[in-house]
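Encoded as structure tokens, the structure appears first; notes follow it.
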Amino acid sequence: MLCKYAFGGFPNAWANPAVVTVIVAYIVNMQAFPPYMLTGQDWQTRNAALYLIQKGGLPLLSSDAAITAFLNDHVFSIFGVVIPEGYVTLLWDFPSTIPAFRFNLVTLVSSIIFFSLDMMDILIPAIFIFFYSLLVRFFLPLITMAPAFQGDIILSLLTSGTLFCTLYVLQWYGTTPVTVSGKVAYALSAAVIAFFVMGGGTSPVGYMFTVLFVNLLSLLIQVAESHSARKNIETVIVSKLNALKEVENV
């Protein structure tokens, strides 16, 4: 009942109730949420994820080294790429107060199933991930004084609940625009807001604030959509009425 009157109900919500709940919990008890795992100085290293591991911020899985070695020898060697230890752990179980943020592999597998069954719209998540990754890769080093073009995209996507929120929270029913142009504007705005709120990742609840901010912005986008739709309808109706009048005059 509270959600119905405060947020407009399930299909017409102006904001995601779960997001607001997490934000309230964070404000009431910040100690329950871990702080950023990397400082601004930490981001200046060439490999922020590796630095996070070395400082003990990410306990590695016992099988991480073996899986990483296998992938480097049989998969990434084809492309001349070597990944350091730790990314397997990030993919499998990233420490977070919010359980849904932890298991990135489960999120990826489930999203692939939903996309293949056409149960989810891929436009907003795809645009968000693409542009947020670009911002992290090219603009984060400019802010943190890190080596140019060395922003850690994988770390940004596998922490802060980025994957889960992008796929399952960002486009909550009623909070997103309905037109293609509106969805593009929504996703781009979310990417920019996420970059300034979360930076390169490891934020405990930064994505929650991102969703709330972009939900508020979505109200303006939806007003513009309604105005544009009304204008188009009026134009069509007027043109048809004029055509009927011309036929009657003849």
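Could you pull out every one of the aspartates and glutamates with an alpha carbon less than 16 Å from that of LYS55, ignoring same-chain neighbours closer than 8 positions?
Of all the aspartates and glutamates, those that pass the test against LYS55 - Cα under 16 Å, at least 8 places apart if same chain - are ASP42, GLU85.
Compute the distance in nm between two label points, each set 7 Å from the Cα along the Cα-to-Cβ direction, one at ALA18 and one at VAL81.
2.9 nm
Please give the length that would be gained between VAL106 and PHE139 if that part of the chain were fully extended, namely 0.36 nm times their separation in residues minus their C-alpha to C-alpha distance (nm, one decimal).
Taking VAL106 through PHE139 to full extension adds about 8.9 nm, to one decimal.
If packing is taken as the average number of other Cβ atoms within 10 Å across a peptide's residues, how do 72-78, 176-182 rank, most packed first?
In decreasing order of mean packing, 72-78, 176-182 become 176-182, 72-78.
What list of whole percents do you get for P(r) of segment 57-182, with Cα-Cα distances grouped in 5 Å bins up to the one holding the largest distance?
2, 10, 15, 18, 20, 18, 11, 4, 2, 0
Could you tell me what percent of the accessible area of the chain is made up of carbon and sulfur, with a 1.4 Å probe and every protein chain present?
Whole-percent figure for carbon plus sulfur exposure: 71.
Obtain the radius of gyration and the Kirkwood radius of the chain from its C-alpha atoms and give Rg over Rh.
Using Cα coordinates only, the ratio equals 1.10.
How much length would be gained if the chain were fully extended between VAL178 and ILE113, taking 0.36 nm per residue of separation minus their Cα-Cα distance, in nm to one decimal?
Net length gain for the segment: 21.1 nm.
What are the membrane-span-like helices in the chain by this rule: whole DSSP H runs, Cα extent along the axis at least 24 Å, mean Kyte-Doolittle hydropathy at least -1.0?
180-198, 206-249
Cβ under 15 Å from SER62's Cβ, SER62 left aside: what net charge do those residues give with Lys, Arg +1 and Asp, Glu -1?
Local charge sum for SER62: -3.
Reachable aspartates and glutamates from LYS240, Cα under 15 Å, same-chain residues fewer than 8 places away excluded?
Partners within reach: GLU248.
Apply 1/(1 + (r/R0)^6) to the Cβ-Cβ distance of GLN31 and LYS231, taking R0 = 51 Å, and write down the FRET efficiency to the nearest 0.05.
Rounded to the nearest 0.05, the efficiency is 0.50.
What is the Cα centroid distance between segment 21-42 and segment 70-89, reported in whole angstrom?
Each part's Cα centre sits 32 Å from the other's.
Mean residue ellipticity at 222 nm from the helices of the chain, using -39,500 (n - 2.57) per DSSP H segment of n ≥ 4 over the full residue count, to the nearest 500 deg cm²/dmol?
Rounded to the nearest 500, the figure is -18500 deg cm²/dmol.
The values are calculated or read from the model by the stated rules, or taken from the named source; none is laboratory data. Keep in mind it's a predicted model, so treat the numbers as computed, not measured. Please note: Cβ atoms are built from the backbone with ideal geometry, for glycine as well, and neighbour counts cover all protein chains shown. What goes into the accessible areas is simple: the full protein's heavy atoms, side chains included, and nothing from ligands, DNA or RNA. Shrake-Rupley method; radii C 1.70, N 1.55, O 1.52, S 1.80 Å.
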